[in-house]
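The values are calculated or read from the model by the stated rules, or taken from the named source; none is laboratory data. Note that the coordinates shown come from a computational prediction; the quantities given were computed from them, not determined experimentally. Every residue, glycine as well, gets a Cβ built from its backbone with ideal geometry; the counts of neighbours run over all protein chains shown. To get the accessible areas, we keep the full protein, side chains included, count just its heavy atoms, and leave off ligands, DNA and RNA. Shrake-Rupley method; radii C 1.70, N 1.55, O 1.52, S 1.80 Å.
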Amino acid sequence: MKIAGIFLAAGSSRRMGVDKLSLPFQTSTIGNTSLSHAISSQLHTIIVVHRPNDHLFWMNERDKRVRLVSCIRAEKGQAYSLKCGVQEAIHQQANAVVVLLADQPFVTSAMIDHLMFTYSKQPFLSFIAPRFQGMMAPPILFTASMFPLLLSLEGDTGARKILKDRSDGLFLSYKEKKWLYDIDTKEAYEHVFGERSK
């Protein structure tokens, strides 16, 4: 069974005001920390979707499983970045994908592997998604049966839209909000360092 990670790193960082993926985090950067967890997982390949003008200075990790995909329509919204990743996953004949956000440095390899393990035990599911207090968040696993729907998304719409009211998947409840935390504003970034200093 081939499961690919779609690592969405093509955002414009408009809400942050600076390139958020290059901001310091732990001993590296936000983007590189997130990517290192994906590389440490059991994913068959990691498709890094980035903007054409991104020199990838935030990325220090190198691994033969990483496939860089430049998405020329990324500025039109997250849906286009996701579609670039899905198209590459189809090209690689992936059975499923795990959609990951580059600004989620608290998503660990163990969380990614848990999604994959759950799918291996219940392959009839269309998706597996984490949830905290009723709110769904990436990383989300989608099987190949969901690829056409992912390719139909438009604008700045993420994958969560197509999961609303579906009953053919599984939601995994998480007790810690931080595990699914995305750092997309200055306030969020400052909050993270405030929590770490306590």
| Relative contact order (percent) for the range 49-198, with alpha-carbon contacts under 8 angstrom and 6 or more residues of separation? | 27 percent
| Roughly speaking, to the nearest percent, how much of the chain's 1.4 Å accessible area is carbon and sulfur? | 50 percent
| query | What number of lysine-lysine pairs in the chain show an alpha-carbon separation below 16 angstrom, given a sequence spacing of 8 or more or placement on distinct chains? | reply | 5
| query | Tell me, how many Å apart are the Cα centres for the range 50-111 and for the range 112-161? | reply | 15 Å
| remark: Neighbours of residue 46 by Cβ distance under 12 Å: Lys/Arg at +1, Asp/Glu at -1, summed charge +1
| said: Please report the antiparallel percentage of DSSP beta bridges with both residues in the range 65-198, rounded to the nearest 5. | reply: 65 percent
| Using a Gaussian network for the chain with springs between C-alpha atoms less than 10 Å apart, which of these wobbles most: 165, 19, 54? | 165
| query | Among rounded, prolate and oblate, which fits the range 62-177 when a ≥ b ≥ c are the square roots of the eigenvalues of its C-alpha gyration tensor, a/c under 1.5 means rounded, and a/b larger than b/c means prolate? | reply | rounded
| remark: Taking a ≥ b ≥ c as the square roots of the Cα gyration tensor eigenvalues, with a/c under 1.5 meaning rounded and otherwise prolate when a/b beats b/c or oblate if not, the range 1-75 comes out oblate
